[in-house]
């Protein structure tokens, strides 16, 4: 459960970073993402504020879903959030990977790590949590009642 919360916190941080930047400062996102002197968006076509703000909103929505799932006691909400990140991440990675030949190697590596990493986080989150058999679940409930 702690690992799932760490993974959800990581996806939330990605969503807040990318989404906040794109939704609030779309022109800066367009000219400066991912930062550190690299430019991944402006090289891919003309500025479209509407599109960039929408992408920011999508990332923020994924971040909020990740945060909400992190506060749930069951693994299912985190698994659903993992599906959402994977469904978003796979075509996102495929698109960028289809343009790797046009990029400097440092940008290929950065794209592969960042986009592949967020896809992998989604896939790992989709995995079932640790199974608790009925006997253990009953014992856990009794223990919680005794501590109240």
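The values are calculated or read from the model by the stated rules, or taken from the named source; none is laboratory data. Just so it is clear, the model here is predicted, and its values are computed rather than measured. Neighbour counts are summed over all protein chains in view; Cβ atoms, including those assigned to glycine, are modelled from backbone coordinates with ideal geometry.
Here is how the numbers come out for the structure above:
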item: Flag if residue 26 is crowded, with 17+ Cβ neighbours inside 10 Å, at pLDDT 95 or above and under 24 Å from residue 121 (Cα atoms); result: no
item: Residues satisfying the stated conditions in region 54-67, i.e. in contact (Cβ under 8 Å) with a residue 12 or more places away in the chain and more than 12 Å from the chain's Cα centre (by Cα); result: 55, 56, 57
item: Selected residue (only one of 10, 31 is at pLDDT 95 or above and under 19 Å from residue 88 (Cα atoms)); result: 10
item: Test: residue 82 is within 30 Å of residue 129 (Cβ to Cβ) and either out of contact with any strand residue (DSSP E or B) (no Cβ under 6 Å at 6 or more places or on another chain) or outside any loop (DSSP other than H, G, I, E, B) (or both); result: yes
item: Single residue of region 18-53 satisfying the filter (in contact (Cβ under 8 Å) with a residue 12 or more places away in the chain and in a loop (DSSP other than H, G, I, E, B)) that is farthest from residue 81 (Cα to Cα); result: 47
item: Selection count, region 41-60, where residues are surrounded by fewer than 17 Cβ atoms within 10 Å (Cβ to Cβ) and either under 19 Å from residue 93 (Cα atoms) or at pLDDT below 95 (or both); result: 7
